[in-house]
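The values are calculated or read from the model by the stated rules, or taken from the named source; none is laboratory data. Keep in mind that what you see is a predicted model, and the values were worked out from it rather than measured. A quick note on method: Cβ atoms are made from the backbone with ideal geometry, for glycine too, and the neighbour counts reach across all protein chains shown. The area values use the complete protein model at the heavy-atom level, side chains included, leaving out ligands, DNA and RNA. Shrake-Rupley method; radii C 1.70, N 1.55, O 1.52, S 1.80 Å.
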Amino acid sequence: YDLGGGTFDVTLTQMGKGGDLESIVTRGDHLLGGKDWDERLCELIASKVSDDVGDVTPDDERVIDGAAEGIKRKLSSMPSVTQNMFLSLGVVRVNVTRSEFEDATRDLIDMTVDMCRSVLDEAGMKPSDLTDILLVGGSTRMPQVSDALERSFGIKPIKHVDPDKAVSLGAAIQVEKDNPKYVSLS
C-alpha cells in the first residue's frame, strides 16, 4: 500500500521459497496522493477562516497551503492542532481536529481501499488470504490509513518499517540476495 505525495499504488506480492518476491497484481492512480489530502485540509481551513473572519484572499490561500502539510503531520500524532496564521485579515487562530480532517477525506481513503479490493479480486483472492500489509510513502503515517486497512482487511499494517525507506530497503535486500559478494547490509 503505497500512498506518496502525488500517487497511490498497490501491489500484491507473494514470497516464494528462499524469500523471492513475485508481483501478482499492481495497480495505481497517478492522480491520487497525499497532495489530495493536503488540498482537502486547505479547503477545511479556508472554510473555518471564512466562517470566523471573512473571505480568504489568494495570498491567504498561499499561507494556508504552506501550513496544511505541517498541520496534517501533527494530526497524525495529535487529536487536534491549533495554529496561528498571519493572513490579510490579521492573525487568525485555527483549530482542526483529526476527526474533521478524516471526515473531509473519507472518500479519498475509500478510493484506496476500493483499489486494494480490486487488486485482490483480479488475483482471485480474498482478504483472508493476505498475511501482511506493508505501508509505503509518507502519507501512510496518517492514522486513517492503518485504521481503514485494518477495518477492511482484518490485518494490522506493518509499522516497524519506515514508510519513506521501505522501497529502498526492499531493493537493498534483493540486491544482497542476488549478489551477496558485492553488497553488505551490515
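In Å and whole numbers, how far do the C-alpha atoms of the chain stretch along each principal axis, longest first?
The Cα atoms of the chain stretch 63, 38, 27 Å along the principal axes, largest first.
Give me the log10 of I(q) over I(0) for segment 14-67 at q = 0.14, 0.20 Å⁻¹, as the Debye formula computes it from C-alpha points; what are the numbers?
-0.54, -0.76
Describe numerically, in nm with one decimal, the distance between label points set 7 Å from Cα along Cα→Cβ at Glu150 and at Asp52.
3.2
Run the 1.4 Å probe and let me know the accessible area of Thr57, rounded to the nearest 10 Å².
Surface open to solvent at Thr57 totals about 50 Å².
With a 1.4 Å probe and all protein chains kept in place, how do Lys159, Lys72 rank by accessible area, largest first?
So, going from the largest accessible area down, we get Lys159, Lys72.
Label points 7 Å out from Cα along the Cβ direction at Ser77 and Leu31: separation in nm?
3.5
Please report how far the C-alpha centroid of segment 59-127 lies from that of segment 1-43, rounded to the nearest whole angstrom.
When both Cα centres are located, 17 Å separates them.
Gln14 to Asp114: extension gain in nm, 0.36 nm per residue of separation minus the Cα-Cα distance?
34.0 nm
Mean residue ellipticity at 222 nm from the helices of the chain, using -39,500 (n - 2.57) per DSSP H segment of n ≥ 4 over the full residue count, to the nearest 500 deg cm²/dmol?
-15000 deg cm²/dmol
Return P(r) of segment 1-90 (all Cα-Cα pairs; 5 Å bins starting at 0; whole %; ordered from short to long distances).
Per 5 Å bin, starting at 0, the Cα pair percentages come out as 3, 12, 17, 16, 13, 10, 8, 7, 5, 4, 3, 2, 0.
Given Cβ point charges of +1 (Lys, Arg) and -1 (Asp, Glu) and nothing else, what value in debye, to the nearest 20, does the dipole of the chain about its Cα centre take?
780
Just give me a number: lysine pairs in segment 1-149, eight or more positions apart or cross-chain, with C-alpha atoms less than 27 Å apart.
6
In the chain, with Lys and Arg counted as +1 and Asp and Glu as -1 at Cβ, which of these residues, Pro58, Thr131, Ser146, has the Cα nearest the positive end of the dipole, that is, farthest along it?
Toward the positive end, the furthest listed residue is Thr131.
Looking at the chain, what % of its DSSP beta bridges pair antiparallel, to the nearest 5?
The antiparallel proportion sits near 90 percent.
Along the three principal axes, how long is segment 66-135 when you take its alpha carbons, biggest first, rounded to the nearest angstrom?
In descending order, the Cα extents are 57, 20, 18 Å.
Largest first, what is the accessible-area ranking of Met85, Met125 with a 1.4 Å probe?
Met125, Met85
Can you list residues from other chains, or at least 5 along the same chain, whose modelled amide H is less than 5 Å from the amide H of Leu21?
The answer is Gly16.
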